[in-house]
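**Q** Submitted below is the structure of interest, expressed as structure tokens.
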Amino acid sequence: MVGLASGRTLPGLESLASDLGISGPIIAENGGVAKLKCGGDVVDLGYARQPAIEALEKLKALFPGAIEERADNEYRLVDVVFWAHGIDTEELRRHLEDVELFDSGYILHLMRKGVSKGRTLLKLLGMMGDGTLSPTEVMVFGDSLTDLSLFDVFPHSVLVANPGLRSEQRKILRSAARYASELPFGEGFAEVAFHVLDGRFG
């Protein structure tokens, strides 16, 4: 079974899952929104979007002209995504309270504290099949800091190299993942796939 866990919107991931014929769970917005399978019902995770919206408005007021929302915010149910021009992420975090700021290396995400891919996937395991699927029976892949929660919860974790990250971010991810590719992006995923196949059938 293959699933998707991403910071992307649910409609975008569901379309991709349908095209690829993926039968596993779909986790969107970095854990904020989920379905057990493509075409299924949205799982009630109990997360609200209002804290993220209020945090974004606060940052806009504090840093006029520096905060740029991304167009797909209109399709998001829990998180809010934006770019911060000329403002360091640590400076932004100083002004946040009950909301977390995640830097995926592509975009910045605001979410209520406690939302994560790892926490959501762990919850979904209890809803799949007979509910006995263990974290040790799952392999997770990631390429950014938003995937750290997956690496923390699931011991079989794989980092696909992402040269777009800063060196300190890459170090954090490498120390958290069980295995890391040397090659980036798609080539890195293929490298990992061959490594897994060699382990099983070599």
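The values are calculated or read from the model by the stated rules, or taken from the named source; none is laboratory data. Please read these numbers as outputs of a predicted model, since none were measured by experiment. No Cβ is skipped: glycine too gets one built from the backbone with ideal geometry, and neighbour counts run over all protein chains shown.
**Q** Quick one: how many residues across region 83-99 are closer than 18 Å to A48 by Cα and modelled with pLDDT of 95 or more?
**A** 2
**Q** Does L150 satisfy the criteria of being closer than 27 Å to W83 by Cα, buried (at least 19 other Cβ atoms within 10 Å of the Cβ) and of a type in the set (A, V, I, L, M, F, W, C)?
**A** Yes.
**Q** A follow-up question, please. Pick from E191, E168: which is over 20 Å from the mean Cα position of the chain (by Cα) and among the acidic types (D, E)?
**A** None of the others qualify; the one that does is E191.
**Q** Working only within region 7-54, note down all residues that are crowded, with 21+ Cβ neighbours inside 10 Å, within 25 Å of E69 (Cβ to Cβ) and among the small types (G, A, S).
**A** Across region 7-54, the qualifying residues are G7, A28, G31, G32, A34, A52.
**Q** Surrounded by fewer than 17 Cβ atoms within 10 Å (Cβ to Cβ) and more than 23 Å from D147 (Cβ to Cβ): does that describe E90?
**A** No: the conditions fail for E90.
**Q** Right, here's the next one. Let me confirm something: among E69, E100, E91, E57, which residue is under 14 Å from the mean Cα position of the chain (by Cα) and among the charged types (D, E, K, R)?
**A** Testing whether each residue is under 14 Å from the mean Cα position of the chain (by Cα) and among the charged types (D, E, K, R) leaves just E100.
**Q** Separate question: Being of a type in the set (S, T, Y), surrounded by fewer than 19 Cβ atoms within 10 Å (Cβ to Cβ) and in a loop (DSSP other than H, G, I, E, B), is that true of even one residue in region 56-79?
**A** The answer is no, given that none of the residues of region 56-79 is of a type in the set (S, T, Y), surrounded by fewer than 19 Cβ atoms within 10 Å (Cβ to Cβ) and in a loop (DSSP other than H, G, I, E, B).
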